[in-house]
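> Below is a structure I'd like to ask you about.
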Amino acid sequence: MDQRDYYEVLGVERRATSAQITEAYRKLAVRFHPDKNPGDQEAAGRFKEAARAFEVLSDADLRSRYDRFGHAGLQGGRQHDFNDMSDIFEAFGDLFGGGIFGEAFGGGRGRGARPQKGRDVFCEVSLTLLEAARGVTKTVEFARHETCGTCEGSGAKKGTTPQACEYCGGKGQVIQSAGVFRLQTTCPSCRGAGKVIREKCEACAGQGVTEEHVERRVSIPAGVDSDVRVRLAGEGEPGGHGGPPGDCYCVIEIEEHPFLKRDGRELHCEVPITYSQAALGATVEVPTLDGPKPLQIVRGTQNADVIRVRGLGMPEVRGRGVGDLHVHVHVEVPKTLSPRAEELLRQLAEEEHAAVSPKRSSFFSRLAEYFHGAETEPTRKEPTP
């Protein structure tokens with residue numbers, strides 16, 4: 001099913017600020033909230049659609065990928081499924097905290113924060129065409145956050161513990177009345193954590209995590225192409241509230257081959273041959289993934305003919321066969337000739353009754369011979385000043 005543009009869903013321009021995106025989402029959430037539209041499936045669908053759009057456009061990384069690649073750039077990413085309304089309430093703690101409408105709309109489910117999967121990370125893997133064809137194991141490097149070993153993730157200085165926030169009583173949310181609505185918003189003091197760190201851990205500056213550079217071995221299957229992503233499960237950012245870590249996606253980039261061009265599982269190459277080889281036939285060497293191999297050129301081969309060699313292409317990733325090698329023949333015409341070669345070609349031309357340029361005659365003499373049968377070079381007039 002085609003998905004609507006997320007900027008169109010929220011009704012904002014592509015250059016909209018984060019504040020404008022948040023405000024637009026708030027208005028749509030109020031309008032299509034299921035508690036305000038009981039039994040209205042269309043409103044429920046619009047509510048979920050707006051939540052998906054906001055999740056992407058409010059995240060700098062997801063928004064950048066969406067702006068570059070559209071919906072395709074989000075495949076395999078970390079966004080939620082939003083199968084039910086409670087998923088939406090739990091996903092946006094800063095806005096919802098059990099619902100941006102608080103208890104007035106039944107947003108406060110009282111269920112507590114559910115475990116959340118950590119964010120995915122990405123790295124690039126460069127392969128030669130031969131490595132992509134045969135499969136290979138590579139070492140990749142990438143950065144991710146890991147739980148701080150000094151404070152064990154609490155963010156507090158060793159020997160101390162975070163204290164309950166006095167402003168919100170440790171709930172992480174504050175409720176404000178606005179007419180008939182009770183708006184539940186993130187506590188401005190603890191920013192929703194419910195706890196305040198009086199003395200921060202020096203190793204992680206109170207964040208509870210530190211950035212680490214890690215190396216991992218990844219097995220690349222045979223037949224992969226550029227932009228294919230190979231997943232390293234559980235190697236991403238740590239999860240929230242006891243949730244599982246994200247994944248690392250290795251994005252494949254295939255280096256250009258000096259002779260072979262790839263088109264899916266098919267390979268193409270261009271091979272130059274001489275006029276005599278094309279006319280009489282010959283055996284020439286052509287490039288393949290396994291090195292040069294002999295190829296029979298049949299008599300009468302024409303320029304731009306394509307010779308198909310089965311089984312010398314790229315394999316399918318899922319092992320469903322191997323492509324072919326397509327040899328594009330290019331008949332080369334020599335720019336210079338030895339006296340003997342010129343003599344033989346003129347004899348061939350006579351045999352074929354083909355009109356060819358007379359030996360060592362000037363352009364104007366040849367022009368006269370072709371069109372007027374003249375034997376002398378026409379007089380050239382000097383241009384009028």
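> Determine the gain in length on full extension of the stretch Ala279-Asp324; use 0.36 nm per residue of separation and subtract their C-alpha separation, reporting nm with one decimal.
Extra length available between Ala279 and Asp324 comes to 13.6 nm.
> So how much slack lies between Glu256 and Phe69, counting 0.36 nm per residue of separation and subtracting their Cα-Cα distance, in nm?
65.0 nm
> Under the Karplus relation 6.51 cos²θ - 1.76 cosθ + 1.60, θ = phi - 60°, what is the ordered set of whole-Hz ³J(HN,Hα) values for the range 256-271, x standing for Gly and Pro?
Running phi through 6.51 cos²θ - 1.76 cosθ + 1.60 with θ = phi - 60° gives 6, 8, x, 10, 9, 10, 9, 9, x, 9, 8, 10, 10, 8, 10, 10 Hz.
> Considering amide H positions built from the backbone, and no H for Pro or chain starts, which residues 5 or more places from Val196, or on another chain, come under 5 Å of its amide H?
Gln163, Ala164, Cys165
> For Phe142, list long-range residues whose amide hydrogen, built 1.01 Å from N in the peptide plane, is under 5 Å from its own amide hydrogen.
The list, which skips near neighbours in sequence, is Val214.
> Another question, if that's okay. Taking Rh as the Kirkwood radius, which is the inverse of the mean 1/r over Cα pairs, what is the Rg/Rh value for the range 261-332?
With Rg and the Kirkwood Rh in hand, the quotient comes to 1.03.
> Let me ask another. Ordered by residue, what ³J(HN,Hα) values in Hz, to whole numbers, does the range 223-232 give under the Karplus form 6.51 cos²θ - 1.76 cosθ + 1.60, where θ = phi - 60° and Gly and Pro are x?
x, 5, 10, 4, 6, 5, 10, 9, 8, 9
> Starting from the amide H of Ile273, placed 1.01 Å from N in the peptide plane, find each other amide H under 5 Å away whose residue is 5 or more places distant or on another chain.
Under 5 Å from the amide H of Ile273: His330, Val331, Glu332.
> Once the piece of chain linking Arg4 and Asp263 is laid out straight, how much longer is it, given 0.36 nm per residue of separation minus the C-alpha distance between them? Walk me through the intermediate numbers first.
Working: separation 259, 0.36 × 259 = 93.24 nm, distance 3.12 nm.
Additional length available on full extension: 90.1 nm.
> I would also like to ask the following. Just add up the charged neighbours of Gly313: K/R +1, D/E -1, any other residue whose Cβ is under 15 Å from the Cβ of Gly313.
Net charge in that neighbourhood comes out at +2.
> If I model a spin label as a point 7 Å beyond the Cα along the Cα-Cβ vector, how far apart are those points for Ala19 and Ala205 in nm?
About 2.4 nm, to one decimal.
> Let me ask something else. Residue by residue through the range 56-67, what is 3J(HN,Hα) from phi via Karplus (6.51 cos²θ - 1.76 cosθ + 1.60, θ = phi - 60°)? Round to whole Hz and write x for glycine and proline.
The phi angles translate into 6, 6, 8, 9, 4, 5, 5, 5, 4, 5, 5, 5 Hz.
> Hey, can you rank 166-172, 67-73 by average C-beta count inside 10 Å, highest first?
166-172, 67-73
Taken together, the values in this text are just the output of simple stated rules run on the coordinates, not laboratory data. These numbers were taken from a predicted model, which means no experiment stands behind them. No Cβ is skipped: glycine too gets one built from the backbone with ideal geometry, and neighbour counts run over all protein chains shown.
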